[in-house]
Amino acid sequence: MTICLLKSKIHRAAVTGASVDYEGSLTIAADLAERVGLRPYERILVGNMANGERFETYVIYGKAGSGVIELNGATAHLGKPGDRLTIMSFAWFDVAEAATHAPAVIVLDEKNRVARG
């Protein structure tokens with residue numbers, strides 16, 4: 001048996017931009033993504049705390065240290081700069097792995113600097 005558990009979470013990420021003309025995805029500063037183990041093109045679930053929107057997309061790395069969190073393509077219609085997001089990824093674990101698994105979680109401040117985690 002396997003179970004799907006939270007693998008990675010970036011909580012309270014502030015949207016820094018939105019680009020409707022891009023093909024899709026969510027740009028995340030590489031250092032933030034790497035800190036929680038998110039890989040380029042990894043599937044993510046995103047919740048917008050400002051408007052309740054939830055959507056799935058994938059990760060694209062932005063410049064490390066920039067704090068960028070940018071909605072691209074159709075997702076640009078689901079938020080605006082300043083909105084706070086919860087960015088999550090999940091993974092499948094067998095029973096033994098699930099018993100000891102702990103997700104990688106960070107909480108960001110208003111400038112997308114790590115406040116906790």
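The values are calculated or read from the model by the stated rules, or taken from the named source; none is laboratory data. For clarity, every value in this text was computed on a predicted model and none was experimentally measured. Note: ideal-geometry Cβ built from the backbone for every residue, glycine included; neighbour counts use all protein chains shown.
Of the numbered conditions (1) within 15 Å of H11 (Cα to Cα); (2) free of Cβ contacts under 8 Å to residues at least 40 places away in the same chain, T86 satisfies every one except a single condition; which is it?
Answer for T86: the failing condition is (2).
Which of the numbered conditions does A102 fail, given that it passes all the others? Conditions: (1) under 13 Å from the mean Cα position of the chain (by Cα); (2) under 18 Å from L5 (Cβ atoms); (3) of a type outside the set (F, W, Y).
Answer for A102: the failing condition is (1).
Going by the conditions given, is A13 of a type in the set (G, A, S), assigned to a helix (DSSP H, G or I) and either on the phi > 0 side of the Ramachandran plot or under 11 Å from the mean Cα position of the chain (by Cα) (or both)? Steps first, please.
On the way: of a type in the set (G, A, S): yes; assigned to a helix (DSSP H, G or I): no; either on the phi > 0 side of the Ramachandran plot or under 11 Å from the mean Cα position of the chain (by Cα) (or both): yes.
No.
Output the residue which, of all residues in the stretch 63-111 that are polar (S, T, N, Q) and within 19 Å of A33 (Cβ to Cβ), is modelled with the lowest pLDDT. If you could, list the steps in order and put the result at the bottom.
Step one: filter the stretch 63-111 for residues polar (S, T, N, Q), giving 66, 72, 75, 86, 89, 100.
Checking the rest, the ones that are also within 19 Å of A33 (Cβ to Cβ) come to 66, 72, 75, 86, 89.
On the way: S66: 98, N72: 97, T75: 94, T86: 98, S89: 98.
Across the stretch 63-111, the extreme among qualifying residues is T75.
Closer than 15 Å to L6 by Cβ, in contact with a Gly (Cβ under 8 Å, 6 or more places away or on another chain), of a type in the set (S, T, N, Q) and surrounded by 14 or more Cβ atoms within 10 Å (Cβ to Cβ): does that describe T86? Please lay out each step first, then the result.
Details: closer than 15 Å to L6 by Cβ: yes; in contact with a Gly (Cβ under 8 Å, 6 or more places away or on another chain): yes; of a type in the set (S, T, N, Q): yes; surrounded by 14 or more Cβ atoms within 10 Å (Cβ to Cβ): yes.
Judged against the criteria, T86 is a match.
Please verify whether Y58 is of a type in the set (F, W, Y) and over 24 Å from G117 (Cα atoms), treating the condition exactly as stated. Steps first, answer last, please.
On the way: of a type in the set (F, W, Y): yes; over 24 Å from G117 (Cα atoms): no.
So Y58 does not fit the description; no.
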